[in-house]
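The values are calculated or read from the model by the stated rules, or taken from the named source; none is laboratory data. Model, not experiment: these values are computed from the prediction. Note that each Cβ is placed from the backbone with ideal geometry, even for glycine, and that neighbours are counted across all protein chains shown.
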Amino acid sequence: MDLVQAVRSELQVFADPVRAGFVAGYFQAKPGQYAEGDQFWGVSNPQVRQVVRRWRTLPADQLLLLLHDPIHECRLTALLIIVEQFAKASAGGQRELYDMYLSNIEYINNWDLVDASARDIVGRYLYDKDRSRLLDMARQPHLWTQRIAIVATHYYIRKGEYQDTLAVSRVLLAHTHHLIHKAIGWMLREVGKRDLDVLEEFLHEHIREVPRTSLRYAIERLPPSRRQYYLSL
C-alpha cells in the first residue's frame with residue numbers, strides 16, 4: 001500500500017455519510033455554489049488532526065498527491081501536515097513548502113482550507129521578506145488567492161503589526177463576495193482586540209466603503225453603544 005493510500009484509508013475509517021451530506025451543504029458544494037463538486041467523507045477536524053499527527057513526516061511528493069485528492073478532508077490533511085513541517089523546516093525547506101503551497105492554490109479551494117494554512121505558511125514565510133506579495137495576491141481575480149492574502153496577515157497581527165492587514169483590506173473593500181467580506185471583518189476584529197484605536201481610525205476613514213458584513217464582524221467586541229454608532233453611519 002503506498003503512503004497516500006494509507007493516509008486515505010486512515011481518514012476513511014472516520015467516514016460518516018450523514019455528516020458528509022451536511023458539510024457538503026455547509027461548505028457550499030452543491031451545484032451552482034462556490035465549491036461546486038467538492039467531495040466529503042464527513043471526517044471531523046479533530047479526527048483529521050489525529051491522522052495528521054501520525055503522518056507529519058509524509059514526503060513532499062506524497063504530500064502533493066494528497067493535496068490534489070478530490071476528497072476535501074484529504075486536502076485538509078495535506079495542508080495541516082505542510083503547516084507542521086513548515087514550522088520545523090530550514091529556510092530552504094520553508095521556501096520549498098511555500099512555493100508548493102502557492103503553486104497549488106487551485107486545490108486550496110474552500111475557506112476552511114485557507115484559514116487552516118495561510119497564516120502559518122504564507123504569513124510566516126513573508127514575515128521578514130517583501131510583504132507586497134500579499135497586495136499582488138489581493139489584486140488577483142481569484143477568490144481563494146484573495147482570501148489567502150488577507151488571512152495571511154493574521155500572523156503579523158499576532159506580532160502587533162497591523163499595516164499589512166489594513167493595506168490588504170483597502171485593496172479588497174470593493175470585493176463583492178461574502179467570503180472576502182467575512183475575512184476582512186475577522187482580521188479587523190483581531191486588530192481591534194489588540195489596538196482599538198487602530199481599528200476605529202480605519203473604520204472612520206473607510207466607513208462608507210466597508211461592506212456591512214465586514215463591519216459587523218469588525219465591531220463584534222466593541223461596547224454596544226459603539227457598535228450602534230458604527231451601524232448607524
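Within the stretch 158-185, work out how many residues are in a helix (DSSP H, G or I), out of contact with any Lys or Arg (no Cβ under 7 Å at 6 or more places or on another chain), over 14 Å from V122 (Cβ atoms) and among the hydrophobic types (A, V, I, L, M, F, W, C). I'd like the intermediate steps shown before the answer.
At the first step, the residues of the stretch 158-185 found to be in a helix (DSSP H, G or I) are 163-172, 178-185.
If we keep only those that are out of contact with any Lys or Arg (no Cβ under 7 Å at 6 or more places or on another chain) too, we end up with 163, 165-170, 172, 178, 181-182, 184.
Retained after the next criterion (residues that are over 14 Å from V122 (Cβ atoms)): 163, 166-167, 169-170, 172, 178, 181-182, 184.
Still in the running and among the hydrophobic types (A, V, I, L, M, F, W, C): 166-167, 172, 184.
So the count comes out to 4.
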task: Filter the stretch 210-233 for residues that are loosely packed, with under 11 Cβ neighbours inside 10 Å and either under 15 Å from I184 (Cα atoms) or not assigned by TED's automatic domain parsing to the domain that holds V198 (or both) and give the result.
output: R212
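Out of D136, D112, D128, D164, report the one residue that is of a type in the set (D, E, K, R) and touching a residue at least 40 places away in the same chain (Cβ under 8 Å).
Numbers: D136 fails: touching a residue at least 40 places away in the same chain (Cβ under 8 Å); D128 fails: touching a residue at least 40 places away in the same chain (Cβ under 8 Å); D164 fails: touching a residue at least 40 places away in the same chain (Cβ under 8 Å).
D112 is the lone residue from the list that is of a type in the set (D, E, K, R) and touching a residue at least 40 places away in the same chain (Cβ under 8 Å).
For the condition over 14 Å from the mean Cα position of the chain (by Cα), of a type in the set (D, E, K, R) and within 20 Å of Q94 (Cβ to Cβ), what is the one hit in R189, R208, R131?
Going through R189, R208, R131 in turn, the sole match is R131.
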query: Among A20, A24, which is the only one that is touching a strand residue (DSSP E or B) at 6+ places or on another chain (Cβ under 9 Å), part of a helix (DSSP H, G or I), in the same structural domain as I105 (by TED's automatic domain parsing) and under 19 Å from L179 (Cα atoms)?
result: A24
query: without any contact (Cβ under 8 Å) to a residue 24 or more places away in the chain, within 16 Å of T165 (Cα to Cα) and of a type in the set (G, A, S): does that describe S103?
result: no
query: Out of all the residues in the stretch 74-93, is one or more buried (at least 18 other Cβ atoms within 10 Å of the Cβ) and more than 30 Å from K129 (Cα to Cα)?
result: yes
